[in-house]
Ligand SMILES: [Fe+2]
């Protein structure tokens, strides 16, 4: 059986702007199951060195039995923001990969990127991380210059697009999505879900691009 994968979801309750309660998390699990998803990485925002990791782990453990009941393999990960990176301690990022993988789901600033972004990526790769760019189609530097996207690919990054972007009518987003699809680099399609209704969006988007997703399952 194909186990449809979602590597970016704010399904974990009480840790960021996603699910506010365990009930909401359970509703999201049900909606994800309905959308055909059988494996989710819960990826709370991690935007600074000072996040409450213990709370994340505790809430994750609390949600696990519900996921099991829904028949969904739930794993812990993070949406790791570039701002959380300590340039004196690159190794620390290794602790925020998608559980049991070398993949770091990396979020960039939406409007302007640090001048040395390529060098940062190279350094993260040098310590053994596989960089997965969270929703590249949402960043202004990519929307302004598709060459930036090309560069990310040349550096060996994988791309995770948001399901909502497949359906978006915003021209700047559509242009990036068209380009990614032309290149055949829809590596991951993820929900970036903050509530149950986002999984209905996921289902619609998957119906449009299913054959193009490079890593639909595990
Ligand atoms: Fe997100």
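What are the residues in region 32-59 that are buried (at least 22 other Cβ atoms within 10 Å of the Cβ) and either in a helix (DSSP H, G or I) or out of contact with any strand residue (DSSP E or B) (no Cβ under 9 Å at 6 or more places or on another chain) (or both), if any?
32
Quick grid of which residues meet (1) assigned to a loop (DSSP other than H, G, I, E, B); (2) within 16 Å of the ligand (Cβ to nearest atom); (3) buried (at least 22 other Cβ atoms within 10 Å of the Cβ):
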| residue | (1), (2), (3) |
| --- | --- |
| 111 | yes, no, no |
| 123 | no, no, no |
| 128 | yes, no, no |
| 149 | no, no, yes |
| 165 | no, yes, no |
| 172 | no, no, no |
| 189 | no, yes, yes |
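Please pick out the residue among 159, 98, 82, 104 that is farther than 22 Å from residue 213 by Cα, within 16 Å of the ligand (Cβ to nearest atom) and touching a strand residue (DSSP E or B) at 6+ places or on another chain (Cβ under 9 Å).
Details: 159 fails: farther than 22 Å from residue 213 by Cα; 98 fails: farther than 22 Å from residue 213 by Cα; 104 fails: farther than 22 Å from residue 213 by Cα.
Within the list 159, 98, 82, 104, the selection yields 82.
Considering only residues that are touching a strand residue (DSSP E or B) at 6+ places or on another chain (Cβ under 8 Å) and surrounded by 22 or more Cβ atoms within 10 Å (Cβ to Cβ), which ones fall in region 5-14? Full working, then the answer.
Step one: list which residues in region 5-14 are touching a strand residue (DSSP E or B) at 6+ places or on another chain (Cβ under 8 Å), which gives 5-12.
Residues satisfying the conditions are 6, 7, 8, 9, 10, 11, 12.
Take the residues in region 83-106 that are over 11 Å from residue 157 (Cβ atoms) and in contact with a helix residue (DSSP H, G or I) (Cβ under 7 Å, 6 or more places away or on another chain); name whichever of them is surrounded by the most Cβ atoms within 10 Å (Cβ to Cβ).
That would be 93.
Take the conditions within 16 Å of the ligand (Cβ to nearest atom) and modelled with pLDDT under 95 and apply them to residue 51. Does it pass? Give the steps one after another, and end with the answer.
Values: within 16 Å of the ligand (Cβ to nearest atom): yes; modelled with pLDDT under 95: yes.
Spelling it out, residue 51 is indeed within 16 Å of the ligand (Cβ to nearest atom) and modelled with pLDDT under 95.
When you check residue 65 against the structure, is it assigned to a helix (DSSP H, G or I), out of contact with any strand residue (DSSP E or B) (no Cβ under 6 Å at 6 or more places or on another chain), away from the ligand (no atom under 16 Å from the Cβ) and under 20 Å from residue 7 (Cα atoms), yes or no? Give the steps one after another, and end with the answer.
Numbers: assigned to a helix (DSSP H, G or I): yes; out of contact with any strand residue (DSSP E or B) (no Cβ under 6 Å at 6 or more places or on another chain): yes; away from the ligand (no atom under 16 Å from the Cβ): yes; under 20 Å from residue 7 (Cα atoms): yes.
In short, yes.
Hey, could you check region 20-31 for residues that are surrounded by fewer than 17 Cβ atoms within 10 Å (Cβ to Cβ) and in contact with a helix residue (DSSP H, G or I) (Cβ under 8 Å, 6 or more places away or on another chain) and say which is farthest from residue 202 (Cα to Cα)?
22
The values are calculated or read from the model by the stated rules, or taken from the named source; none is laboratory data. Since the structure is predicted, the reported quantities are computational estimates derived from the model, not experimental observations. For neighbour counting, all protein chains shown are included, and Cβ atoms are generated from backbone atoms with ideal geometry for every residue, glycine included.
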